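Chemist: Sending over a structure as structure tokens; questions will come in a sec.
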Amino acid sequence: MFKKIIGLALAFVVALSFTTQSTSHANDIKGHQMVNELTYWSNLGVIRPDSKGNYNPNRAVTRGEFASYITRALQLPASSTYTFKDLKAGNELTLDIQAAAGANILSGYPDGTFRPNEKITRQHMAGFLQKALRYSNVPLDGQPLTFKDNNKISDQFKPAVATNVYYNIIRGSHTNKGVFFDPQGNATIGHAAAFLFRMNSTIQNFAVKEDDNNSGPVVTPPAPNPNVYYVGKISKGVIDKNPPVYFNYEQAEAALNSSGSNLILKGDKIIKMSAGIASATATTVTVYSDQKFTKSLSYATKGSQFKYFGSNDQYAIVQLADTKGYVKIDEVALTPTSLIKGQDFYFVEGGYLTHRTYNHSSQKYNWDYVISEAPAFMQRGAQYYSQDGVNFYSDVFLTKKIGTHYPYFQFQSIRQPSNYTAEELDNMIMTLLLERQAIPTSPQYAKAPIESRLIGMGKLLKQVEAQYNVNALFILAASMHEGDYGVSKNALTKNNIFGIKVFDTDPTLGETYASRDDSVMAFINRYVNLNYAPQSGGYAKGAAPGNKTSGMNVHYASDPFWGSKIAGHMYRMDNRFGKKDYKQAKLAFVSYENGHLVNVRTEPSTNSPVHFTYKAKYVGETGVFGYPVAIVEEAKGTDGYVWYKILSDNNPPAKHGWVRSDLVQLIPEN
């Protein structure tokens, strides 16, 4: 026989959010402890007001009322199988009681009466609810009873109480002397609303589909209500929810702390876990410095991975690169450690530091790319993990650090000029385009040596470098990365080789330029030298590709690895075509303590004029990621300090400035 639970499905479809109280409700449930449950059932017409519009939540519920609640909640079919001599034939209450009796959910007394106006006892209520679970095909599991008044529960009701306790439908009363069930006590209408809601959620989660005779379709229970909370744990690779339902996060958190479980879920979404990773589920996810989401630190694209520290129903505390902050819980997925299917890692191949990224949205690994030479502490065949691309660990939890490595081009100031000539840059471009053309699995490059918008760009790159102090190899690497070697749709149809105004939300967008050269000038004048390199820029976090804590990557791209990918292009080209640029400058971070500003002077003395000032910035959890600079000279000033001459982050005509050495942290190995 197929047992219907269509009523439950309908209830969940038409139900309003129980955080929204209907304006038709009387004031007697506003602010009530069970307002959510009462609102839920009143919206469905299960619990109804009296003639004055009151719900009387604190009044004891009667046997007849509770029977009618169950009938309406489960939408039980009409039945005349059982009749009771103290009920008036044909009225609504009688029909509801007869329907519940026909479903074997209730019965009357030996004298043939039902006594609808009698207050229902808690143990009788447990009996009704257990039979409602049985009717709905929920396994009647039980839990040992440990109430202080177990001896007062009638033997015939103990199995029903045990089932209700197991599914946490009816809970005991906590007192200074222990937990009591109070089997002969009466429950209020408010309590009835809560018991029914927990019953409903239990049916939703644990009802077994039945089609013994293959006589018809099986009705699937409705999806979990996204507005209620559960606690649970991972069991054999599956999320195992505990039966109780909680109406707010605080209740669920209290239950988590006392149950030995390690997950809190809202509906089916994990919103708290003991350990694991977070990943972006929104198109872009912003990391904020505060719990109210008012100050942005950085952001990441969908599928990106964050280090996880903790969470609640509003936010998760995560780390992106060395940037720790808050993300909206609705914009991320939390994956417990045992359920992680893949994640970003680094390895050594051919002597190179190679990065393999994982998209947690598509659950697929992306292509590998080379960033730099491999540091000596890394061994071939091993996997390494890093949140910032600088500090590397041997374990996925980032607890066993094995070394620090700053990929040179990732933190080289873009003010550092390239040693390649225009002709050498053109040779690089054509060689790489010809190689791309020969890739049989990449038809988009079939006409690359003829159509690419990068062809013949060497002269322009060197002119821009000389006039605007932006490294030619960096500009070329950015155009290769953003414009797919000059053959992207935007590059070919719009001369847009940098993906300018192409957003994650709509990759088909993008500005149109009269020529490729106009695109280069827009990249330099409207982005690099306006907002990103000089300290006057709105997104000034360092004039280097960087990561999500320091450099252009903080705000320029949602891809957390944009900076390391640009650096990878630069390293691979330089390593192959002459090794003229690698480690040609001494690199450092301009740092400061307690938010103090750092002045760059025109001469190596505190008495000289201020050239410009490094403004305060968030330097990450470790405090090491300041503003990347290139040092070209050092000298002892008249004030007794050692001073560094650095390439100026300000726009031309000034190319250099001086900063005190105690305000600069040298980057190791560079």
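The values are calculated or read from the model by the stated rules, or taken from the named source; none is laboratory data. Please read these numbers as outputs of a predicted model, since none were measured by experiment. Reconstructed Cβ throughout: ideal geometry from the backbone, glycine too, with neighbour counts over all protein chains shown. The accessibility values were calculated without ligands, DNA or RNA, using every heavy atom of the protein model including side chains. Shrake-Rupley method; radii C 1.70, N 1.55, O 1.52, S 1.80 Å.
Chemist: How many residues are part of a loop (DSSP other than H, G, I, E, B), more than 16 Å from A522 (Cα to Cα) and either in contact (Cβ under 8 Å) with a residue 12 or more places away in the chain or under 37 Å from the mean Cα position of the chain (by Cα) (or both) when one looks only at the range 440-476?
Modeler: 6
Chemist: Which pairs turn up if I take residues in the range 509-537 that are of a type in the set (S, T, Y) and look for partners that are assigned to a loop (DSSP other than H, G, I, E, B) and open to solvent by 40 Å² or more (accessible area, probe 1.4 Å) with beta carbon separation below 7 Å, at least 6 apart in sequence or on another chain?
Modeler: Going by the 7 Å Cβ cut-off, the qualifying pairs are Y532/Y539.
Chemist: Test D344 against the criterion of being open to solvent by less than 60 Å² (accessible area, probe 1.4 Å), closer than 20 Å to V624 by Cβ and among the acidic types (D, E), and give yes or no. Before the answer, list the steps.
Modeler: On the way: open to solvent by less than 60 Å² (accessible area, probe 1.4 Å): yes; closer than 20 Å to V624 by Cβ: no; among the acidic types (D, E): yes.
No: the conditions fail for D344.
Chemist: Which condition does D141 not pass, out of (1) closer than 25 Å to Y229 by Cα; (2) modelled with pLDDT of 90 or more; (3) of a type outside the set (S, T, N, Q); (4) touching a helix residue (DSSP H, G or I) at 6+ places or on another chain (Cβ under 8 Å), if it passes all the others?
Modeler: So D141 meets the others, but not (2).
Chemist: Scanning for something under 26 Å from F206 (Cβ atoms), surrounded by 15 or more Cβ atoms within 10 Å (Cβ to Cβ) and of a type in the set (S, T, Y), does the range 138-161 turn up at least one residue?
Modeler: Within the range 138-161 (the criterion being under 26 Å from F206 (Cβ atoms), surrounded by 15 or more Cβ atoms within 10 Å (Cβ to Cβ) and of a type in the set (S, T, Y)), the answer is no, since none of the residues qualifies.
Chemist: If you check A126 against the conditions, is it farther than 21 Å from R59 by Cα, touching a residue at least 24 places away in the same chain (Cβ under 8 Å) and open to solvent by less than 50 Å² (accessible area, probe 1.4 Å)? Working first, answer last.
Modeler: On the way: farther than 21 Å from R59 by Cα: no; touching a residue at least 24 places away in the same chain (Cβ under 8 Å): yes; open to solvent by less than 50 Å² (accessible area, probe 1.4 Å): yes.
In short, no.
Chemist: Can I450 be described as more than 20 Å from F409 (Cβ to Cβ), surrounded by 14 or more Cβ atoms within 10 Å (Cβ to Cβ) and of a type in the set (V, I, T)? Break it down into steps so the answer makes sense when it comes.
Modeler: Details: more than 20 Å from F409 (Cβ to Cβ): yes; surrounded by 14 or more Cβ atoms within 10 Å (Cβ to Cβ): no; of a type in the set (V, I, T): yes.
Judged against the criteria, I450 is not a match.
Conditions tested, residue by residue: (1) open to solvent by less than 30 Å² (accessible area, probe 1.4 Å); (2) farther than 30 Å from T281 by Cβ.
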| site | (1), (2) |
| --- | --- |
| A543 | yes, yes |
| N547 | yes, no |
| M552 | yes, no |
| S558 | yes, no |
| H569 | yes, no |
| M573 | yes, yes |
| F589 | yes, yes |
| L597 | no, yes |
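Chemist: So the check is Cβ under 8 Å with 6+ separation or different chains; which pairs have a first residue in the range 181-203 that's under 18 Å from K131 (Cα atoms) and a second one that's part of a loop (DSSP other than H, G, I, E, B) and among the charged types (D, E, K, R)?
Modeler: P183/D149
Chemist: For the range 42-80, which positions are over 19 Å from N186 (Cβ atoms) and in a helix (DSSP H, G or I)?
Modeler: Across the range 42-80, the qualifying residues are S42, N43, T71, R72, A73, L74.
Chemist: Separate question: Test V624 against the criterion of being closer than 30 Å to Y369 by Cβ and open to solvent by less than 20 Å² (accessible area, probe 1.4 Å), and give yes or no. First the steps, then the outcome.
Modeler: Numbers: closer than 30 Å to Y369 by Cβ: yes; open to solvent by less than 20 Å² (accessible area, probe 1.4 Å): no.
No.
Chemist: Then there is this: Of all residues being of a type outside the set (A, V, I, L, M, F, W, C) and open to solvent by 40 Å² or more (accessible area, probe 1.4 Å) in the range 280-294, which is nearest to H555 (Cα to Cα)? Just the residue, please. Can you show your working first?
Modeler: The first filter runs over the range 280-294 and keeps only residues of a type outside the set (A, V, I, L, M, F, W, C), leaving 281, 283-284, 286, 288-292, 294.
Those left that are additionally open to solvent by 40 Å² or more (accessible area, probe 1.4 Å): 281, 283-284, 289, 291-292, 294.
Values: T281: 19, T283: 15, T284: 12, S289: 15, Q291: 20, K292: 20, T294: 16 Å.
Restricting to residues being of a type outside the set (A, V, I, L, M, F, W, C) and open to solvent by 40 Å² or more (accessible area, probe 1.4 Å), the top hit is T284.
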